[in-house]
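The values are calculated or read from the model by the stated rules, or taken from the named source; none is laboratory data. Treat the numbers as computed from the prediction; the structure is a model and nothing was measured. Heads up, the Cβs are rebuilt from the backbone with ideal geometry, glycines too, and the neighbour counts pull from every protein chain shown.
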2 protein chains.
Amino acid sequence: MTKKTHSIGELARELDITTRTIRFYEDMGLLSPERRGQTRIYTPADRVRLKLILRGKRLGFSLAESRELIELYNPDADNNQTQLKALLGKIAEKRAQLLRQLHDIEVMQIELDEAERRCQDAMRTADPSTLSGESA
Amino acid sequence: MTKKTHSIGELARELDITTRTIRFYEDMGLLSPERRGQTRIYTPADRVRLKLILRGKRLGFSLAESRELIELYNPDADNNQTQLKALLGKIAEKRAQLLRQLHDIEVMQIELDEAERRCQDAMRTADPSTLSGESA
DNA sequence: CCCCAAGTTGACGTTAACGTAAAGTGCGGA
DNA sequence: TCCGCACTTTACGTTAACGTCAACTTGGGG
């Protein structure tokens, strides 16, 4: 059975971040691992949270935004109807933001296509004297 | 004919950023508008560059990355074959990065779906006493 | 028992991306 | 002519997200 908990070092190595980063996220309230004495112990759930944060980072989310996201995934038992409605609203917001990013990516992909085309055109029409030595 | 150049203030208003930001981008080498005396004059091309930077920001790109992107779109006449190959390589990198982001967005959308579902479940099963006053 | 690797808590340093305040320039209108 | 507004440069301040020591403690191996 795949070991259920991790040390901070293990997590850091696996996710390719530093322990400092993990502790920082804890300071920011994004994680709250258990303790055995002083030592932090991370559950699979903590690992999931971390990966969620890192995914957020890859999309340009701030830690505050990632914290919001994490909270969205937690309809805690103590949420009343009003709070739940607010949650649904925030979910819709995030969704809209993702759609905007999708659009931005599409546009950027097209621009990259054009850039590549121009680049290849330039290679074909380039002065052959600038060839940098692959012919004997 | 739609006026061809813009003042820094016009651009700032249109793109919803500050003039400080625009000047900062210039300091970072992302823009180099013409001058009429001291005053900066922005061409449509400058405007395009700016929008490109802002799109990059929405996707979490740093200004350095945006500068790279801008350079990708400029197969300057003075690029030799070696440089052009390097450009194609960078274009491929950016493409890969965008694909990663696309994947991240997909995953996140699914997670939002689940979050929304859980949230609505919670609303249905919630203690009706927490209803905050919409029934007469 | 002692050491070392891996953990811990401070605390200060650093980088990116601007904000903000100060002090001056240039120009179209009353 | 003087006002006001938009522009300019210079320079210091700020926030987020860590990096980088320093000075501990702690559990297991020789």
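Summary of values
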{"read-out": "Helices (runs of 4 or more DSSP H) fully within the stretch B:1-105 counting 2 or more residues that are within 14 Å of another protein chain (Cβ to nearest Cβ) and more than 14 Å from DNA strand D (Cβ to nearest atom)", "value": "B:44-58, B:63-72"}
{"read-out": "Hey, B:Asp76 under 27 Å from A:Leu98 (Cβ atoms), out of contact with any helix residue (DSSP H, G or I) (no Cβ under 7 Å at 6 or more places or on another chain) and among the charged types (D, E, K, R) or not", "value": "no"}
{"read-out": "Of the criteria (1) within 16 Å of DNA strand C (Cβ to nearest atom); (2) crowded, with 18+ Cβ neighbours inside 10 Å; (3) under 24 Å from A:Lys94 (Cβ atoms); (4) of a type in the set (A, V, I, L, M, F, W, C), which one B:Leu31 fails", "value": "(3)"}
{"read-out": "Condition met for B:Arg118 (of a type outside the set (A, V, I, L, M, F, W, C), modelled with pLDDT under 95 and in a helix (DSSP H, G or I))", "value": "yes"}
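A quick yes/no check of all residues on (1) surrounded by 12 or more Cβ atoms within 10 Å (Cβ to Cβ); (2) more than 16 Å from DNA strand C (Cβ to nearest atom):
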residue	(1), (2)
A:Thr5	yes, no
A:Asp16	no, no
A:Tyr42	yes, no
A:Arg47	yes, no
A:Gly60	yes, no
A:Ala64	no, no
A:Leu72	yes, yes
A:Asp78	no, yes
